[in-house]
Amino acid sequence: MGNQLKLNKRKKNYFVHQSSYVDKDVKIGKGTKIWHFSHVMKGAKVGRNCKIGQNVVIGPDVVIGNNVKIQNNVSVHRGVVLEDHVFCGPSCVFTNVFNPRSEIPRMKEIRKTVVGEGATIGANATIICGHIVGKYAFIGAGSVVTKDVGDYVLVCGNPARVRGHMCKCGNKIVLRNKKWKCSDCDIEYKISSGRNRKCSLKK
């Protein structure tokens, strides 16, 4: 197996299915579960209590926070950072080189992508490299993100466009009696006016 370890042979405070591989020099937090046919590559850091689905590749030097859930068939490439509580839906895509060519090496041109705390990336969405997805942002299924997404912002489509704002609980923020509140849990938010409307919890 070379530099790879078949994980079911060692007792750890995390779980890795026997069909999956973890390279040397990888850090995995307590309570994390890595399911079938996945591969965590050298230098990657995976936090506590994460759930890594089937056929997931976590690339070299990737940083994944705590309580992150990555569904089946996702590749998290070098240059991607997933902060705490991020949800990655099935078959969502991260790129890390903006203009790839097979015959031209461009691994020194990787553009960093950061997905903020609590953000949701829907199934089959694509995140073009070099952008920031804000905390608790919500990327609709099948969307193609070509620019930064603000905190609590809901985007959908190709290219992804702002469709509203989402509460921490995953429901839409709506205007009621001149107050921006979650449609479900009633948490109040502050949303600025203007073209680039910023959303934050109201203090």
Cross-link table K27/K135; K147/K203; K42/K108, entries beyond 20 Å C-alpha to C-alpha = K27/K135; K147/K203
Using just the alpha carbons, could you tell me how many Å³ per residue the convex hull of the stretch 4-171 encloses?
-> 98
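When V97, V74 are ordered from fewest to most other Cβ atoms inside 10 Å of their Cβ, what list results?
Ordered from fewest to most neighbouring Cβ atoms within 10 Å, V97, V74 come out as V97, V74.
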Residues M41, M107 in order from fewest to most other beta-carbon atoms within 10 Å are M107, M41
For the chain, modelled as a Gaussian network with Cα springs under 10 Å, which listed residue fluctuates most, R161, R106, R78?
-> R106
Dipole of the stretch 151-197, positive direction: furthest Cα of C185, M166, N196, with charges on the beta-carbon = N196
The stretch 94-198 - Rg and Dmax from Cα coordinates, angstrom | 15.7, 59
In debye, nearest 20, what is the charge dipole magnitude of the stretch 4-171 about its Cα centre with +1 on Lys and Arg Cβ and -1 on Asp and Glu Cβ, if you could check?
-> 620
Can you give me the Cα centroid spacing of the stretch 13-41 and the stretch 61-117 in angstrom?
-> 17
Restricting the count to DSSP beta bridges whose residues both fall in the stretch 4-171, what percent are antiparallel, rounded to a multiple of 5?
-> 20
Likely footprinting exposure, I127, I187, I64, I104, fewest C-beta neighbours within 10 Å first | I104, I187, I127, I64
Relative contact order of the stretch 4-171, pairs being alpha-carbon contacts under 8 Å that are 6 or more residues apart, as % | 12
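Read the figures in this text as sums done on the coordinates, not as results from a lab. No experiment lies behind these values; they were computed from the predicted model shown. Cβ: placed from backbone, ideal geometry, glycine included. Neighbour counts: every protein chain shown.
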